[in-house]
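Have a look at the structure below, then the notes.
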Amino acid sequence: MTDPSPAVEFTDVSRHFDEVRAVERVSFRIPDGEFFTMLGPSGSGKTTCLRLIAGFDRPTAGHIQLFGRDVTKLPPYERDVNTVFQNYALFPHMTVGENIAYGLMVKKVPKAERERRVAEMLELVRLPGLHRRKPSQLSGGQQQRIALARALINHPRVLLLDEPLGALDLKLRQQMQIELKALQHEVGITFVFVTHDQEEAMSMSDRIAVFNLGRIEQIGPPAELYEQPQTRFVATFVGTSNLLEGDAAAALTGSPTAFAVRPEKIRLDDESAEAGSGDMCVADGYVQEFLYLGMHTRYIVKLDNGAEITVARQNEQIAAEQGVWRPGDRVRLIWPKLANNPLQG
Ligand code: ATP
């Protein structure tokens with residue numbers, strides 16, 4: 001029977017270090033089997049939350065539950081979780097096999113079973129036969145997979161991952177993102193992943209919690225955070241957004257309420273272009289600059305009302321690096337009012 005309680009639940013959790021409010025009244029629930037990511041800039045409180053789940057640290061206030069059990073005051077070894085760190089933390093003097101088997105050695109599991117389970121774990125992370133190597137004889141990506149194998153061998157119910165791909169180069173990082181997601185599917189347990197990289201968070205997570213200054217600004221699936229950001233911070237931290245408020249907003253929508261609109265939702269056209277059907281925002285201005293980025297070109301347009309708007313235009317045409325419009329050209333921006341997201345904070 002499956003346990004209906006969430007794998008992890010924070011209720012009004014705070015962690016203060018003297019006057020530093022690292023985590024401030026944070027509440028969330030992670031259902032069992034979810035790939036949950038804590039995303040935010042450096043110092044926003046993500047690692048502190050992860051350490052609180054692991055039991056390496058205790059909250060100043062609030063409660064933490066794992067599978068319905070209050071673990072707020074329990075030490076790490078009484079929690080059914082394991083952690084993978086960015087720096088792998090493999091023991092250099094031990095072989096790969098000994099590193100992976102470490103948790104089983106501590107539990108005095110017999111040798112034959114240890115060997116069987118190490119082989120199973122090496123299969124799982126797609127590195128069969130490497131058990132005799134030393135960590136120094138492995139690439140960064142391979143070391144990270146060994147760290148994963150070591151963390152999974154005890155069959156924890158929750159795996160905590162603290163920027164585990166941070167030390168890898170971009171290509172390898174992208175490959176590991178795909179593998180990590182596949183691995184999570186295969187083992188079927190809850191993953192709690194910490195990163196400051198929004199693309200990484202978007203590519204792997206079932207849901208993301210966006211952290212800022214020790215608080216969660218918004219929690220939701222990647223597409224919801226991107227399509228319906230509720231705050232200025234989320235609108236700008238998750239992807240690129242145009243923020244409009246006051247007179248600039250009123251000129252477009254009739255209301256001064258602040259809103260965000262994504263660059264790719266805006267059509268860039270000649271000044272004589274018709275808005276077409278539907279309820280549209282229409283704004284004229286001139287091209288200030290453009291950036292050729294391969295797949296698309298980014299135009300910065302200065303509107304006649306003074307606002308600056310970024311527009312992304314897909315490069316379908318050859319020689320797009322020349323820019324369809326040049327700095328100084330008069331242009332018209334048109335987008336559906338439905339693409340505007342009202343902002344709360
Ligand atoms: P990063 O991505 O850089 O790891 P983070 O979002 O994980 O950042 P935390 O490490 O959780 O952020 O830190 C949140 C705040 O708490 C920071 O201002 C940090 O300096 C502070 N902090 C964390 N641990 C301690 C500690 N042991 N003593 C004092 N302050 C701390």
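The values are calculated or read from the model by the stated rules, or taken from the named source; none is laboratory data. None of the values given here were measured: they were computed from a predicted structure. Cβ: placed from backbone, ideal geometry, glycine included. Neighbour counts: every protein chain shown. Keep in mind that these areas ignore ligands, DNA and RNA; they rest on the heavy atoms of the full protein, side chains included. Shrake-Rupley method; radii C 1.70, N 1.55, O 1.52, S 1.80 Å.
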**Message:** What's the total number of residues in the stretch 163-173 that are free of Cβ contacts under 8 Å to residues at least 12 places away in the same chain and closer than 23 Å to R207 by Cβ?
**Reply:** 0
**Prompt:** Within the stretch 107-114, is even one residue over 27 Å from the mean Cα position of the chain (by Cα), over 25 Å from K46 (Cα atoms) and in contact (Cβ under 8 Å) with a residue 40 or more places away in the chain?
**Reply:** yes
**Prompt:** How do the pairs read when you match residues in the stretch 85-100 that are in the same structural domain as E120 (by TED's automatic domain parsing) with residues anywhere that are in a helix (DSSP H, G or I) and among the β-branched types (V, I, T), using Cβ under 8 Å and keeping only pairs 6 or more apart or on different chains?
**Reply:** Y88/I146; L90/I146; V96/I146; G97/V118; N99/I146; I100/V118; I100/I146
**Hits in the stretch 9-28 (condition: near the ligand (Cβ under 8 Å from one of its atoms) and either of a type in the set (S, T, N, Q) or on the phi > 0 side of the Ramachandran plot (or both))** = D18
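Would it be correct to say that L159 is on the phi < 0 side of the Ramachandran plot, assigned by TED's automatic domain parsing to the domain that holds R15, part of a strand (DSSP E or B) and of a type in the set (A, V, I, L, M)?
Here the answer is yes, as L159 does meet what is asked.
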**Verdict on G40 being within 16 Å of the ligand (Cβ to nearest atom), small (G, A, S) and surrounded by fewer than 22 Cβ atoms within 10 Å (Cβ to Cβ)** = no
**Message:** Could you list, ordered by first residue, the pairs with Cβ atoms under 9 Å in which the first is in the stretch 266-281 and exposed (fewer than 14 other Cβ atoms within 10 Å of the Cβ) and the second is in a loop (DSSP other than H, G, I, E, B), at least 6 apart or interchain?
**Reply:** D270/W325; D270/D329; E271/D329
**Request:** Hey, can you tell me all the residues within the stretch 43-71 that are within 15 Å of the ligand (Cβ to nearest atom), of a type in the set (S, T, N, Q) and open to solvent by 10 Å² or more (accessible area, probe 1.4 Å)?
**Result:** T47, T48, T60
**Complete:** Within the stretch 131-159, the residues that are of a type in the set (A, V, I, L, M, F, W, C) and buried (at least 19 other Cβ atoms within 10 Å of the Cβ) are I146, A147, L148, A149, A151, L152, I153, V158, L159
**Request:** Among residues belonging to the stretch 120-129 that are more than 21 Å from D169 (Cβ to Cβ) and of a type outside the set (D, E), point out the one that is surrounded by the fewest Cβ atoms within 10 Å (Cβ to Cβ).
**Result:** G129
**Flag if F35 is over 20 Å from R232 (Cα atoms) and within 15 Å of the ligand (Cβ to nearest atom)** = no
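So, in the stretch 160-179, how many residues would count as being within 13 Å of T83 (Cα to Cα) and either basic (K, R) or open to solvent by 10 Å² or more (accessible area, probe 1.4 Å) (or both)?
Going through the stretch 160-179, the residues within 13 Å of T83 (Cα to Cα) turn out to be 160-164.
Cutting the leftovers down to either basic (K, R) or open to solvent by 10 Å² or more (accessible area, probe 1.4 Å) (or both) gives us 162-163.
So the count comes out to 2.
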**Prompt:** Out of all the residues in the stretch 127-149, which are assigned to a loop (DSSP other than H, G, I, E, B) and within 21 Å of G166 (Cβ to Cβ)?
**Reply:** L127, L138, S139
